[in-house]
Amino acid sequence: MIYRIPDASLRPGSRGSFLATALLVVEIVSAGDKTARKPPFYAAHEVRELVTVDPVTRTVGWLALAADGGYHAVKRSVVIDCAATKLADQLDWPGIADPRPRLPTPRDSRAVS
């Protein structure tokens, strides 16, 4: 059996009780992680919403479990009163360098005197 542990979750029920599912899980994307493989696992366990946080691109993705059993992008949560853009604006993003190649700008090509 494969166990997937989210970076954070919101679970119904009393404190300290074990539940096989969650209302909402949060996955923080990191280099080489398996976040992209997790939605089918969470869907099979009927997790209602999946939030992905990418500190490099400073974006938040919000997915909701649909009637077809798959996740679909949504702008706003039905579990908590929050929108993806609002959460992205409120996060204290870490100072992570973007590993993607950067194109030079005109400013970069000027000689420094």
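Computed from the coordinates by the stated procedures, all read-outs in this text should not be read as laboratory data. For clarity, every value in this text was computed on a predicted model and none was experimentally measured. Neighbour counts run over all protein chains shown; Cβ positions are idealised from the backbone, glycine included.
See the values below:
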| item | result |
| --- | --- |
| Local electrostatic count, Val53, Cβ distance below 10 Å [Lys/Arg +1, Asp/Glu -1] | -2 |
| Net charge of neighbours whose Cβ lies under 11 Å from the Cβ of Leu10, counting Lys and Arg as +1 and Asp and Glu as -1 | +1 |
| Added length on full extension, which subtracts the Cα-Cα distance from 0.36 nm per residue, Asp81 to Ile28 | 17.1 nm |
| Tensor-based shape of segment 8-92 (alpha-carbon gyration tensor, a/c under 1.5 rounded, otherwise prolate or oblate) | rounded |
| Point-to-point label distance, Ala67-Trp93, nm (Cα→Cβ direction, 7 Å offset) | 3.7 |
